[in-house]
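Below: one structure, written as C-alpha cells.
The values are calculated or read from the model by the stated rules, or taken from the named source; none is laboratory data. The structure presented is a predicted model; accordingly, all values stated were derived computationally and were not measured. Every residue, glycine among them, receives a Cβ derived from its backbone with ideal geometry; neighbour counts consider all protein chains shown. With ligands, DNA and RNA removed, areas are computed over all heavy atoms of the protein, side chains included. Shrake-Rupley method; radii C 1.70, N 1.55, O 1.52, S 1.80 Å.
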Amino acid sequence: QVQLVESGGGLVQAGGSLRLSCAASGRTFSTYTMGWFRQAPGKEREFVAGISRSGDNTYYADSVKGRFTISRDNAKITVYLQMNSLQPEDTAVYYCAAAVGIWTPVVHLQYTQYNYWGQGTQVTVSS
C-alpha cells in the first residue's frame, strides 16, 4: 500500500502561487497513477489534475488548465502541484490520491477510482 501526506497549502492573495507536495511511502509508488482533487465547502470532490505512472501523461480540469502543473519524481517518491495565478474560486481542501494501475482517460477523472488518499491541505485565496 501507499501512504500519502500533503503539504504546502496556506493563505495567498489572488494572482499568487503555491506549490503543493505529496510525500509518499511505499516501494511500489511508481506503479500508481496519481491525482489531485479538491473539495470546497458545500461542494463535491472535484478532479484537478492527474499524472500517469511514468509522468509522461498529464490531464487537467478545464478550470485550472494553463495555471496548474502536476509532476512527479519517482526517485523522491513525491508528486507536486504547482499552482499559479490563483483565484478565490481555487479555495478548497486539496487532496493527493493514488490509483492502482495504468492511467486511463475519463476513468481517472472519478475520485471513486482512487485507492489511497492523503489527509488534505487547505488552500485559501483572498481577493
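Numbers below:
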| quantity | calculated |
| --- | --- |
| Number of the exception - Thr31 against (1) under 18 Å from Tyr114 (Cβ atoms); (2) open to solvent by 70 Å² or more (accessible area, probe 1.4 Å); (3) among the polar types (S, T, N, Q) | (2) |
| Top-ranked residue of the stretch 54-104 - restricted to ones that are acidic (Asp, Glu) and at pLDDT below 95, ranked as most open to solvent (accessible area, probe 1.4 Å) | Asp56 |
| Matching option when the condition is open to solvent by less than 60 Å² (accessible area, probe 1.4 Å) and out of contact with any helix residue (DSSP H, G or I) (no Cβ under 6 Å at 6 or more places or on another chain), among Val5, Val48 | Val48 |
| Of all residues making up the stretch 23-67, the number that are over 20 Å from Pro88 (Cα atoms), among the β-branched types (Val, Ile, Thr) and outside any strand (DSSP E or B) | 2 |
| Test: Arg38 is in contact with a helix residue (DSSP H, G or I) (Cβ under 9 Å, 6 or more places away or on another chain), open to solvent by less than 20 Å² (accessible area, probe 1.4 Å) and modelled with pLDDT of 95 or more | yes |
| Residue within the stretch 8-17 that is assigned to a strand (DSSP E or B), at pLDDT 95 or above and surrounded by 14 or more Cβ atoms within 10 Å (Cβ to Cβ) present | yes |
